[in-house]
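K.L.:
This is the structure, below, for whatever I ask next.
The values are calculated or read from the model by the stated rules, or taken from the named source; none is laboratory data. These numbers were taken from a predicted model, which means no experiment stands behind them. Cβ coordinates were reconstructed from backbone atoms using ideal geometry, including for glycine residues, and neighbour counts include every protein chain displayed. These accessible areas exclude ligands, DNA and RNA; they are computed on the full protein's heavy atoms, side chains included. Shrake-Rupley method; radii C 1.70, N 1.55, O 1.52, S 1.80 Å.
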Amino acid sequence: MYDDQNVFAKILRGELPCHKVYEDEHTLAFMDIMPQVDGHTLVIPKYPAETLFDLPAELAGHLLNSVQKIGRAVKIAMQREGIVIMQLNDQSAGQTVPHLHFHIMPTSLGALSRQSHAQTMGDQMVIQQCAETIKTALDTL
Ligand code: 5GP
């Protein structure tokens, strides 16, 4: 059962703020508030799916298209060739927000394993600056 009080549902309804970098008919991308690396961005469907398995197949292409688009922009913005794209399904796998999302992280698996997940609030100025750089990179695609 989808919980429409989760933070991403509130962001989608405009009840909570976010550093938005991209939006289209089916998806929204914004900065993670507790980034595991500078440039950590989240891509979510507007459809109320808790996990990947709850997303209708016909919406999967739209979501993956946005993941590719934001991934490319993050690579350019953060000047990294290699990036991690992560997606957790269910609390038992470590998912902390019950609305489907992809993490776009300009880092490596090794560096990521030394970072705690969703623990420390990021510096708002740095997050805002990363969002602006990613938006500028998006304009070049
Ligand atoms: P999960 O653990 O579900 O895979 O990832 C949830 C992510 O959402 C975490 O990386 C966490 O830092 C981020 N997050 C949690 N609450 C908020 C919020 O209110 N705003 C934003 N922008 N990110 C959030």
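K.L.:
Rolling a 1.4 angstrom probe over the protein heavy atoms, how many square angstrom per residue are accessible across the stretch 27-77?
P.N.:
Working: 2120 Å² over 51 residues.
Solvent-accessible surface per residue comes out at 42 Å².
K.L.:
Convex hull over the alpha-carbon atoms of the stretch 49-123: what's its volume per residue in Å³? It would help to have the intermediate numbers written out before the result.
P.N.:
Details: hull volume 8.2 nm³, N = 75.
Measuring per residue, one finds 109 Å³ for the Cα hull of the stretch 49-123.
K.L.:
Just add up the charged neighbours of residue 2: K/R +1, D/E -1, any other residue whose Cβ is under 10 Å from the Cβ of residue 2.
P.N.:
-4
K.L.:
OK, next. With the radius of gyration and the Kirkwood radius both derived from the Cα set of the chain, what is their ratio Rg to Rh?
P.N.:
Values: Rg = 14.1 Å, Rh = 15.2 Å.
Radius of gyration over Kirkwood radius for the chain works out to 0.93.
K.L.:
Enumerate the residues in the stretch 56-70 having an amide nitrogen under 13 Å from the point lying 7 Å beyond the Cα of residue 89 toward its Cβ.
P.N.:
56-57
K.L.:
GNM, the chain, Cα, under 10 Å: largest mean-square fluctuation among 45, 56, 98?
P.N.:
Fluctuation is largest for 56.
K.L.:
Tally up the carbon and sulfur contribution to the accessible surface of the chain as a whole percent, 1.4 Å probe, everything protein left in place.
P.N.:
On the way: 4160 of 7790 Å².
Exposed carbon and sulfur together represent 53 percent of the surface.
K.L.:
To the nearest 500 deg cm²/dmol, what mean residue ellipticity at 222 nm is calculated for the chain from DSSP H runs of n ≥ 4 alone, each contributing -39,500 (n - 2.57), summed and divided by the residues?
P.N.:
Values: 4 runs with 48 residues, N = 141.
That comes out to -10500 deg cm²/dmol.
K.L.:
Let me ask something else. Restricting attention to the stretch 2-76, which GluC sites (Glu not before Pro) occupy a DSSP loop and are surrounded by at most 15 other Cβ atoms within 10 Å? Provide the component values of the computation, followed by the final result.
P.N.:
Details: sites: 15, 23, 25, 50, 58; in loops: 15, 25, 50.
Here the GluC sites (Glu not before Pro) that fit, given the DSSP loop and packing criteria, are 15, 25.
K.L.:
Do you know the Lys pair count in the chain for C-alpha distances under 18 Å, with sequence separation 8 or more or different chains?
P.N.:
9
K.L.:
Name all residues of the stretch 37-65 having a backbone nitrogen under 16 Å from the label point set 7 Å from the Cα of residue 115 along its Cα→Cβ direction, giving them as ranges.
P.N.:
Residues passing the 16 Å test: 37-43.
K.L.:
Same structure again: Relative to the compact globular guide of 2.2 N^0.38 Å, what is the alpha carbon radius of gyration of the stretch 86-141, as a ratio? Before the final figure, lay out each step's value.
P.N.:
On the way: Rg = 13.7 Å, N = 56, 2.2 N^0.38 = 10.2 Å.
Here the answer is 1.35, to two decimals.
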